[in-house]
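To keep things clear, I will list the structure first and then write my remarks on it.
Nothing in this text is a laboratory measurement; each read-out follows from the coordinates by a stated rule. No experiment lies behind these values; they were computed from the predicted model shown. Here Cβ is always computed from backbone atoms with ideal geometry, including for glycine, and neighbour counts include all displayed protein chains.
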There are 2 protein chains.
Amino acid sequence: MPTTAQSAQLSDTETLYLTGFTLACVTVLVRTFDGEGAPLIACLALSGMAFAATYAMIRWLGPTFIKAGLKGRDLSKVNNNHYIPECMGSICAVVYILTMIVFIPFPFFKDIVVATSGGGNRDVVMNVEFVQLGRLLHKFPHNKLASFLSAIISLHSITLLGIGDDLFDIRWRHKFFMPAFASIPLLVVYFIDFGVTSIVLPTFLQPYLGRELFDLGILYYGYMSAFSIFSPNSINILAGINGIEVSQSIVIALLLVFNDALYLLTPYPHPATDSHLFSLYFLLPFLGVSFALLIHNWYPARVFVGDTYCYFAGMVFVVVSILGHFSKTLILLLIPQIFNFVYSTPQLFGLIPCPRHRLPHFNARTGLLEPSVTTWEKDKQPRPIIAQALRLLAQFKLLRIKEDQEGRIEETSNFTLLNLWLVWRGPKREDKLAVEITVMQALLGLFGLFVRHRLALLIFREDNLNITSAV
Amino acid sequence: MPTTAQSAQLSDTETLYLTGFTLACVTVLVRTFDGEGAPLIACLALSGMAFAATYAMIRWLGPTFIKAGLKGRDLSKVNNNHYIPECMGSICAVVYILTMIVFIPFPFFKDIVVATSGGGNRDVVMNVEFVQLGRLLHKFPHNKLASFLSAIISLHSITLLGIGDDLFDIRWRHKFFMPAFASIPLLVVYFIDFGVTSIVLPTFLQPYLGRELFDLGILYYGYMSAFSIFSPNSINILAGINGIEVSQSIVIALLLVFNDALYLLTPYPHPATDSHLFSLYFLLPFLGVSFALLIHNWYPARVFVGDTYCYFAGMVFVVVSILGHFSKTLILLLIPQIFNFVYSTPQLFGLIPCPRHRLPHFNARTGLLEPSVTTWEKDKQPRPIIAQALRLLAQFKLLRIKEDQEGRIEETSNFTLLNLWLVWRGPKREDKLAVEITVMQALLGLFGLFVRHRLALLIFREDNLNITSAV
């Protein structure tokens, strides 16, 4: 009979480390109240606290989740007869959202001081009537606050919808469009506050169209909404082995943080600095909760993340890139996800039969993962054109085909990046596969950022970093 | 073996009515785009659509909830061996939140038109650069938008926490404070945008303190946060019979709508008109989803509402009354809830043993509800002082006590308003009890509003309605 492993208690060492770490974070946080407030430091401190809280809650709540039926068995293990908690990404999402709510006042601390006491002098507190009359209140950056709040609402919505999915197993064709709902608040506020729907044209197109900017108008909102559907779903389908959902999300987040840092380190105040600060405020706590989850979800997994985490992670990226106006950069970081999606389409759209699960096949004898396959009965062969396409893919090493003596297709590897990787690199242990995919994601992402900041100057007149001189 | 009743399909008549109703609402909604936009009409139309959506989804998703383990049996029925879906309030909350998100642009439609085309002339659409330069954007009421968004975040948070409670049965002492988290975004935005922490002093106190207003400062935030803990919990504990959670919430919402309408009907623009419009925007969709739930939850209940609904309803009231600055009015409407809470304290705080369930006892022979009781063993009598207090309460008809010949207490009725009502008015059928409590709530509320607008003038110099002349 399946049993539940792992204690729900933290060990003494864990308790000691987490408590010490939290206290250090609290100290840092309190110190940011001196002077004008340092929102980025406060955000770092809160991210640390979010890490500790998530780490502890994942352990404490594990048995509760199992009792509530949120549990699953890890079929890629030899000893797979015990249940582990499922949908633990919802803990990440809830801790993250509460952290962001608590964080709301920090980026506006300086503005609040100005609005309530005039000129940043906190000793002279003005009377309420004066503030109310709006003498200083107009200085408050309400539009930034609205962006911040709309971002939280979008993340809230995706979390609710994700939990609904994990609870009720919503059908694929219904849930595919769920993230579009979650993006509405974002788009509304984007419309009101920025309204920028024009994109910079590549230099070689400019002479023909006679301008630098091209206004996409309403199409731009369609693009953003499609983007917010794609990002969460693309992370959700690059899944199936321990740790991969979280590690790919962490890599993308780290690359975005690196990109943001580039803008903060420019010697002069860059026009995009604010958007990138905003992006950091959302990414750092995300990294905090994700690392806590990864520790528990890494091979051999002691918890599963659930669809909630994938949707939530994808939406964090959508939020920061839309409000930071750098969605093209994000696309460069999602190349493995885009490849995986495009590669999956023959099965997703039903051209080729799609089994319920396409995760790599666990060979209990060797303890290694192998590509999982779709089998073709002798009397249920693919149509000739599809058979030809399959053979062509196999020739380009984009598929493994097994044929019988008479040239009938017996089985084809399933169309996912993970299976293809195993076709290329041979059977692997689960954690080795996760490491390789993560490293590949990181290298491709770094290359993407390099293209973004260097090579982009070949087709656009200037880069956001204004390093035209470098080329 | 327990079976599930009721079809998940809508009958043909229901489908016809709901479709027709929805189409009518869509038509009304589309027509509001003519002219300057009529947000209140749009809100009404969306509320109608929210009603239809909730009604249909409660039916469609019933079996899904049961399959996911969210189910319960109705013990106050003779034939109680079938499961009905639990936690259906979460459907209300999700539909409500999506409705509010879709509604975001409507109250700001006029402002958006001004900000994007100048002077409300929508034919002349200004170019993006112009809008971006902020020539007109400063006219946009960003502070109102921020209030709106923070209200949505608060409701989102309480929904997430409520669902967590329904799933995991969080302990009483943990969940009691959950709503405080949900109120943080509200308080932050209140602080930034209003900052009004002073209350009007009663006229008889003014000579002593030498002023009209008294500034509570940080205490005011403590008050609001206590208030946001009280309201959701107070609705959650006046529960236990079919329909009562929803019907009391609907009565409170209707009374608030009535109060709001008073401000809109004043001949001149009243300074508080905007807050009360805001309140209507949040209450009308709430009424829409609540009526759809009530139809299914009314005696004999075909679904249960779950803690989610109670928390969510309580938080809607908190949101509108804090952002509308009329929390004192809400307190007047919560008198039965306040009484129920105060009356419950001896059991909640453990002075008197508190059984797991205190809902009225169902007498299967008569089919009527009777007061449920706490029994006292002969060797486990209450301490003398408590016994005395219990007898005193019984003398004032605030308790029913059963004693044996030797004067030992055998049983006392449980300390809830529902049981007390049954002590006063005798055994009743479940729906009759619900009707009586609801009518009592409505009458007390109306009386409260009367006090608020008429008698308040005896202790305050002027009423919000400025009807000083009426006294």
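Things worth noting here:
- Farthest toward the positive end of the dipole of the protein assembly as shown, out of A:Leu418, B:Phe450, A:Ile84, is the Cα of A:Ile84, where the dipole comes from beta carbon charges about the Cα centre.
- The helix-based estimate of mean residue ellipticity at 222 nm for chain B, built from -39,500 (n - 2.57) per DSSP H run of four or more residues and divided by its residue count, is -19500 deg cm²/dmol to the nearest 500.
- Percent of Cα-Cα distances greater than 16 Å, calculated over the range A:361-428: 48
- Packing rank of A:359-368, A:426-435, B:101-110, where each peptide gets the mean count of other beta carbons within 10 Å, highest leading: B:101-110, A:426-435, A:359-368
- Amide hydrogen proximity for B:Arg400: with H placed 1.01 Å from N in the peptide plane, the residues at 5 or more positions away or on another chain lying under 5 Å are B:Ser413.
- Sequence-distant lysines (8 or more away, or on other chains) whose Cα lies within less than 20 Å of B:Lys380: B:Lys402
- Within 10 Å of the Cβ of each residue in B:163-172, the mean number of Cβ atoms contributed by other protein chains is 3.
- Extreme residue, positive dipole direction of chain B, given options B:Leu368, B:Leu392, B:Gln206 (C-beta unit charges): B:Leu392
- Mean projected area in nm² (Cα convex hull; one quarter of hull surface) for chain A: 28.5
- Projecting 7 Å from Cα along the Cα-to-Cβ direction, the label point of B:Asp215 sits 4.7 nm from its equivalents in the other copies, listed shortest first.
- Environment charge at A:Pro353 (Cβ cut-off 13 Å; Lys +1, Arg +1, Asp -1, Glu -1): +2
- Efficiency of FRET between B:Leu443 and B:Phe396 - r from beta-carbon atoms, R0 22 angstrom, step 0.05: 0.50
- Helix B:142-168 vs. chain B, principal-axis angle (Cα, 0 to 90°, nearest 10): 30
- The range B:173-313 - Rg over Rh from alpha carbon coordinates, Kirkwood radius: 1.04
- Taken residue by residue and averaged, Cβ atoms of other chains lying within 10 Å of the Cβ of A:86-94 number 1.
- Counted residue by residue at 0.36 nm each, then reduced by the alpha carbon distance between them, the extension gain from B:Ile386 to B:Ala364 reaches 4.7 nm.
- For the range A:24-99, the list of chymotrypsin sites (Phe, Trp or Tyr not before Pro) that fall in a loop by DSSP and count at most 16 other C-beta atoms within 10 angstrom reads A:Phe33.
- In plain terms, the chain from B:Glu406 to B:Leu254 could stretch by 49.6 nm, reckoned as 0.36 nm per residue minus the Cα-Cα distance.
- Near the amide H of B:Lys428, within less than 5 Å, lie the amide hydrogens of B:Leu369, all on another chain or at least 5 residues away, with H placed in the peptide plane.
- Top positive-direction residue, dipole computed over the protein assembly as shown with Cβ charges, set B:Gly314, B:Ile235, B:Leu10: B:Leu10
- Residue by residue along A:65-72, Cβ atoms of other protein chains within 10 Å of the local Cβ number 3 on average.
- Label geometry 7 Å along the beta-carbon vector: B:Ser11 inter-copy distances in nm: 6.4
- Chain A: angle of helix A:89-103 to the longest principal axis, Cα-based, in degrees nearest 10: 10
- Check: the range B:361-428 dipole with +1 on Lys, Arg Cβ and -1 on Asp, Glu Cβ, in debye: 280
- Label geometry 7 Å along the beta-carbon vector: B:Arg383 inter-copy distances in nm: 8.4
- Relative packing of B:218-227, A:272-281, which averages over residues the other C-beta atoms within 10 Å, highest first: A:272-281, B:218-227
- Applying 1/(1 + (r/R0)^6) with r as the Cβ-Cβ distance of A:Leu265 and B:Lys328 and R0 = 60 angstrom yields a FRET efficiency of 0.70.
- Checked against a 22 Å cut-off, the cross-linked pairs B:Lys71/B:Lys432; A:Lys378/A:Lys428; A:Lys397/A:Lys428; B:Lys77/B:Lys428 give Cα-Cα distances beyond that limit for B:Lys71/B:Lys432; A:Lys378/A:Lys428.
- Normalised per residue, the volume of the convex hull around the Cα set of the protein assembly as shown (Å³): 232
- Taking the Cα centre of the protein assembly as shown as origin and assigning +1 to Lys and Arg Cβ atoms and -1 to Asp and Glu Cβ atoms, the resulting dipole is close to 1140 debye.
- The modelled label-to-label distance between B:Thr27 and A:Asp379, using points 7 Å beyond Cα along the C-beta direction, is 5.7 nm.
- Our Cα-only numbers for the range A:273-364 put the radius of gyration and Dmax at 16.7, 52 Å.
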